[in-house]
Amino acid sequence: MSKEPVAVVGIGQTKHVAARRDVSIAGLVREAAGRALEDAELTWADIDAVVIGKAPDFFEGVMMPELYLADALGAVGKPMLRVHTAGSVGGSTALVATNLIAGRVHGTVLTLAYEKQSESNAMWGLSLPIPFQQPLLAGAGGFFAPHVRAYMRRTGAPDTVGSLVAYKDRRNALKNPYAHLHEHDITLEKVQASPMLWDPIRYSETCPSSDGACAMILTDRAGAARSPRPPAWMHGGAMRSEPTLFAGKDFVSPQAGKDCAADVYRQAGIADPRRDIDAVEMYVPFSWYEPMWLENLGFAEEGEGWKLTESGVTELDGDLPVNMSGGVLSTNPIGASGMIRFAEAALQVRGQAGDHQVDGARRVLGHAYGGGSQFFSMWLVGAAPPAS
Amino acid sequence: MPPIRDIAVVAFAQTDHRRTSDELSEVEMLIPVLHDVLDRTGLKTSDIGFTCSGSTDYLAGRAFSFTMALDGVGAWPPISESHVEMDGAWALYEAWTKLLTGDADTALVYAYGKSSPGSVRDVLSRQLDPYYVAPLWPDSVALAALQAQALIDAGDTDEPALAGVAARSRSSAATNSHAQVRGSRAQGEYLVRPLRTGDCPPIGDGAAAVILAAGERARELCERPAWIRGIDHRIEAHSLGVRDLTDSPSTRLAAERAGAFERPVDTAELHAPFTSQEVVLRKALRLDDGVDVNPSGGALAANPVMAAGLIRIGEAAARIHRGESDRALAHATSGPCLQQNLVAVLEGDAR
């Protein structure tokens, strides 16, 4: 028994911005889905099922919004699944959709993730008081800053590395028409002079709050053969989870992340990720997570990730480009951020990434994480169909 | 196209469903159920190939509530795991697709919901169209009453018939030690006309868990596995104004795709929180009086939101495990007035 190969034949995003006041939530998701269908040259009637994901329902104040969105996504009369795995949800959603094809339940599936943060307040959504549980109070930055500090102490990384990442990602975003932040006057000095929010994380080293949606059309071998543009083929995909808090947890380099990457590499036949993978779309909501994840994902030895960043390896024209699209640091509709990583990885191997295309990108990793660095989802896509 | 791999429900466990469980967190409510379901197969968390859960943040009143529930599973070393913000029946569907790919041979599926901390009628109104409908706060009982009245107006049922559904469900629940409302009970006053208290589900807290296994693994873990012969789910338009509330085309289509009409079933566990919804479902599923409908008492006897659909699959499977059924249908619903519906067909090996 072998799995059906899965191909990405359509990708659509909205122009991510702080507030899309011109559309409802339904209008926002339909825009991305429509663009994905257009890319695949398919119609709503070609879609067998819809898999939708987003981060907490409290972010917009709509409980189980897939019910309300069924009409807008052409799902009436079809199966519709709703995934929620915290910040990793965009990636997990794509993987759930993938399984519908790999398991030969459906031939062509629309998968979509979104967040319309302007319709609520994410800080409020994350700060509801719960009896007998430690409140987060300071939002996500307050939770992650101590882990960044732990990374710096552990590796001896100079405190300039974070600003290099932010400067790079914001420059990459200028080449991506869908990116939220387009800071044309960005300089390294401006990043370094921005206010300190959660020491050592500065204002310009944090992600924005965005409204946006990302959609993909996934299909089987027969569907890929009909694709008008080169498909991206999935070579490996995995999810891993571990508990939020426990004595043995390594917040700097969680075991779940390592295991997830190892599973994907095994499926994809990747022996040496640094050599075998051409580029990475990585979930970096705070700049320091680039060197941290470079180690966690096996691109660098422990303690060495920051050296790759510092030496320019992860620049758009470097040896291992990271976040060619501008990444989460430039665009963060939370629930969609993971799917954007997956979709941008697919765009690269399809050769469709426009000004932020990496020449000759054949195998690209899409990565997402969520919760207290406890949920991971990743996929590796290639320009060629998988071997088996 | 038949499934490429045989997958079965091999174990099922649930809490005793109760009106309140103030002294327990969700994790504390869940842990005994997880232990129970694992004990039935002798498996440990680390033996499970894939884990998937169903719940909703809106019952917990906080974002990311499922992240804490994961602690109850004991996800260390790290596990392959996912979550749907839906009833656990859809988590089971996701797990089923995962097993179909061959990436895992066993799956743990769980779901939980505590309705007691808030007003579940108000909470469910938050799943309505956020711009035009939700601001009016129409509650779940009022919407079900609209559906019930439409059925009465169409001549599909009447109040005594609905009372009969309620009485039958609760007398069936008399032998179900997990049920919240058991035995005979007065139909009570109108809650929202034409629905009386007895036509409505109890409000309560509870959890459930199921283990799935593929092929030979299922036979090793269970004497009489409940094979999933088909499972499908469909959604309808959201707005009540564009739906015929006396019918459920999504249930009919899901049943057709799941193969429910190929041969008669002997048992049907229907997720019908309101008596009137059983009328709609019986018609869509073409169930006649020969079918034992809701021998557990159904959602009218216990309706832990987000777990009640998974419990239908678990109850149907457990009857097959015990040899009380050979071919059973299980149904789960989501959304106002049966907007989204899932149907599974389960079979035991021939005896």
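Key figures
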item	result
Any hit, the stretch A:27-46, residues being in a loop (DSSP other than H, G, I, E, B), facing chain B (nearest Cβ under 9 Å) and modelled with pLDDT of 95 or more	no
Conditions (1) touching a Phe, Trp or Tyr at 6+ places or on another chain (Cβ under 9 Å); (2) of a type outside the set (A, V, I, L, M); (3) more than 17 Å from A:Phe286 (Cβ to Cβ); number of the one not met by A:Thr155	(3)
Complete set of residues in the stretch A:47-96 that are part of a strand (DSSP E or B) and at the interface with chain B (Cβ under 7 Å from one of its Cβ atoms)	A:Val76, A:Met80, A:Leu81, A:Arg82, A:Val83, A:Thr85
Only one of A:Thr206, A:Thr244 that is within 14 Å of chain B (Cβ to nearest Cβ) and either surrounded by fewer than 21 Cβ atoms within 10 Å (Cβ to Cβ) or touching a residue at least 24 places away in the same chain (Cβ under 8 Å) (or both)	A:Thr244
Test: B:Arg312 is under 20 Å from B:Arg229 (Cα atoms), charged (D, E, K, R), over 15 Å from the mean Cα position of the chain (by Cα) and modelled with pLDDT of 95 or more	no
Selection from the stretch B:12-42 of residues that are surrounded by fewer than 20 Cβ atoms within 10 Å (Cβ to Cβ), in a loop (DSSP other than H, G, I, E, B) and touching a helix residue (DSSP H, G or I) at 6+ places or on another chain (Cβ under 8 Å)	B:Ser25, B:Gly42
Residue ranges of helices (runs of 4 or more DSSP H) in the stretch A:227-336 with at least 1 members hydroxyl-bearing (Ser, Thr, Tyr)	A:255-268, A:289-296, A:305-310, A:327-330
Close pairs (6 angstrom Cβ cut-off, 6 or more residues apart or separate chains): closer than 20 Å to B:Val279 by Cα in the stretch B:179-201, among the aromatic types (Phe, Trp, Tyr) and part of a strand (DSSP E or B) anywhere	B:Arg196/B:Tyr190
Which numbered condition A:Gln13 fails, given (1) within 25 Å of B:Val123 (Cβ to Cβ); (2) under 22 Å from the mean Cα position of the chain (by Cα)	(1)
The stretch B:45-74 - residue that is modelled with pLDDT under 95 and over 25 Å from A:Met64 (Cβ atoms) and, of those, surrounded by the most Cβ atoms within 10 Å (Cβ to Cβ)	B:Thr45
Within the stretch A:355-371, tally of residues that are more than 12 Å from A:Asp278 (Cα to Cα) and touching a Gly at 6+ places or on another chain (Cβ under 8 Å)	6
Any hit, the stretch A:106-125, residues being in contact with a helix residue (DSSP H, G or I) (Cβ under 6 Å, 6 or more places away or on another chain), in a loop (DSSP other than H, G, I, E, B), buried (at least 18 other Cβ atoms within 10 Å of the Cβ) and not small (Gly, Ala, Ser)	yes
Positions within the stretch B:241-256 being assigned to a helix (DSSP H, G or I) and surrounded by 18 or more Cβ atoms within 10 Å (Cβ to Cβ), in sequence order	B:Ser250, B:Thr251, B:Arg252, B:Leu253, B:Ala254, B:Ala255
Any hit, the stretch A:2-20, residues being within 14 Å of chain B (Cβ to nearest Cβ), within 30 Å of A:Leu380 (Cβ to Cβ), small (Gly, Ala, Ser) and not in a loop (DSSP other than H, G, I, E, B)	no
So B:Val242, is it free of Cβ contacts under 8 Å to residues at least 60 places away in the same chain, closer than 20 Å to B:Thr333 by Cβ and β-branched (Val, Ile, Thr)	yes
Subset of the stretch B:64-102 [assigned to a loop (DSSP other than H, G, I, E, B), under 18 Å from A:Thr93 (Cα atoms) and within 8 Å of chain A (Cβ to nearest Cβ)]	B:Phe64, B:Ser80, B:Glu85, B:Met86, B:Thr101
Residues (in contact with a strand residue (DSSP E or B) (Cβ under 6 Å, 6 or more places away or on another chain), not in a strand (DSSP E or B) and not aliphatic (A, V, I, L, M)) located in the stretch B:43-63	B:Gly49, B:Ser55
Check on B:Lys114, surrounded by 24 or more Cβ atoms within 10 Å (Cβ to Cβ), at negative phi and at the interface with chain A (Cβ under 7 Å from one of its Cβ atoms)	no
Count of residues meeting criterion [farther than 30 Å from A:Ala225 by Cα, surrounded by fewer than 24 Cβ atoms within 10 Å (Cβ to Cβ) and touching a Lys or Arg at 6+ places or on another chain (Cβ under 9 Å)] in the stretch A:1-27	5
Residue list for the stretch B:108-149, filter: in a helix (DSSP H, G or I), within 14 Å of B:Tyr58 (Cβ to Cβ) and without any contact (Cβ under 8 Å) to a residue 40 or more places away in the chain	B:Arg121, B:Asp122, B:Ser125, B:Ala134
Test: residue in the stretch B:159-182 that is out of contact with any strand residue (DSSP E or B) (no Cβ under 9 Å at 6 or more places or on another chain) and at positive phi	no
Selection within the stretch B:286-317 - surrounded by fewer than 24 Cβ atoms within 10 Å (Cβ to Cβ), at negative phi and assigned to a loop (DSSP other than H, G, I, E, B)	B:Leu287, B:Asp288, B:Asp289, B:Gly290, B:Val291, B:Pro295
Meets criteria (crowded, with 22+ Cβ neighbours inside 10 Å and among the small types (Gly, Ala, Ser)) for A:Ala232	yes
Qualifying residue in the stretch A:59-66 (condition: among the acidic types (Asp, Glu), crowded, with 24+ Cβ neighbours inside 10 Å and within 22 Å of the chain's Cα centre (by Cα))	yes
Among the residues listed as A:Ser253, A:Ser204, A:Ser227, the single one being among the hydroxyl-bearing types (Ser, Thr, Tyr), out of contact with any helix residue (DSSP H, G or I) (no Cβ under 6 Å at 6 or more places or on another chain) and modelled with pLDDT of 95 or more	A:Ser227
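The values are calculated or read from the model by the stated rules, or taken from the named source; none is laboratory data. Bear in mind that the values here come from a model prediction, so they are computed numbers and not experimental data. Quick reminder, even Gly has a Cβ in these numbers, built from the backbone with ideal geometry, and neighbours come from all protein chains shown.
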